[in-house]
């Protein structure tokens, strides 16, 4: 008897669809519609709480992370077709943003609650890497990025989270990190599911916004 078993094919299709749905649900946590307002909100909370160093460090670290991803994406869309021998790829912004924003926030919260001075940096790396793996895996399942692009995005995000923790130092006593995390979760809950088509906008604007006369 030849031919595929219809039941087996149906099960495989169902499992594939379930994986895709789960991947979409995970990857939405790294969407710019969620991460960017969250990052802005956290910066404002730090500033209003009197933790000026934390607010400046957050703005510098997270802002640099997102700016670097934007720069690399502009370069990719503007130049990648011309640089066939030196393809840098299109780094995963979802992976970078999630690792930097969620990783930096959670690591600082842990540092505040458990006073883990000696383990602050290793914990930050562990948290950020875990988040990069989770979000990055969802991007791979959805076939939106290659492994190399996910690794580049994840590395940038981990460095962003680590930079924030190093620049900010321990949070002030007046900054209630549990309350900050709770507000952050509220922002995520309110915006989760919304999506910004930033990739399409970057692609269409790349040829006009690339700041260099030649691709380098």
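Residue 182: surrounded by 15 or more Cβ atoms within 10 Å (Cβ to Cβ) and closer than 24 Å to residue 45 by Cβ, yes or no?
So residue 182 does not fit the description; no.
Scan the range 57-83 residue by residue and report those that are closer than 15 Å to residue 169 by Cα and without any contact (Cβ under 8 Å) to a residue 40 or more places away in the chain.
Listed by number, the list holds a single entry, 59.
Which pairs turn up if I take residues in the range 134-147 that are under 19 Å from residue 76 (Cα atoms) and look for partners that are at pLDDT 90 or above and part of a loop (DSSP other than H, G, I, E, B) with beta carbon separation below 6 Å, at least 6 apart in sequence or on another chain?
Here the result reads 139/92; 139/145; 145/92, each pair linking the range 134-147 to a residue that is at pLDDT 90 or above and part of a loop (DSSP other than H, G, I, E, B).
Looking only at the range 135-149, count how many residues are surrounded by 18 or more Cβ atoms within 10 Å (Cβ to Cβ) and closer than 26 Å to residue 181 by Cβ.
Counting residues in the range 135-149 that are surrounded by 18 or more Cβ atoms within 10 Å (Cβ to Cβ) and closer than 26 Å to residue 181 by Cβ gives 4.
Does the range 175-190 contain any residue that is over 20 Å from residue 29 (Cβ atoms), in a helix (DSSP H, G or I), in contact with a helix residue (DSSP H, G or I) (Cβ under 9 Å, 6 or more places away or on another chain) and without any contact (Cβ under 8 Å) to a residue 24 or more places away in the chain?
Yes, the range 175-190 contains at least one residue that is over 20 Å from residue 29 (Cβ atoms), in a helix (DSSP H, G or I), in contact with a helix residue (DSSP H, G or I) (Cβ under 9 Å, 6 or more places away or on another chain) and without any contact (Cβ under 8 Å) to a residue 24 or more places away in the chain.
Yes or no: residue 172 surrounded by fewer than 19 Cβ atoms within 10 Å (Cβ to Cβ) and touching a residue at least 60 places away in the same chain (Cβ under 8 Å)?
So residue 172 passes the test.
The values are calculated or read from the model by the stated rules, or taken from the named source; none is laboratory data. This one's a predicted model, so the numbers in the text were calculated from it and none came from an experiment. As a convention, Cβ positions derive from the backbone with ideal geometry for all residues, glycine included, and neighbour counts pool all protein chains shown.
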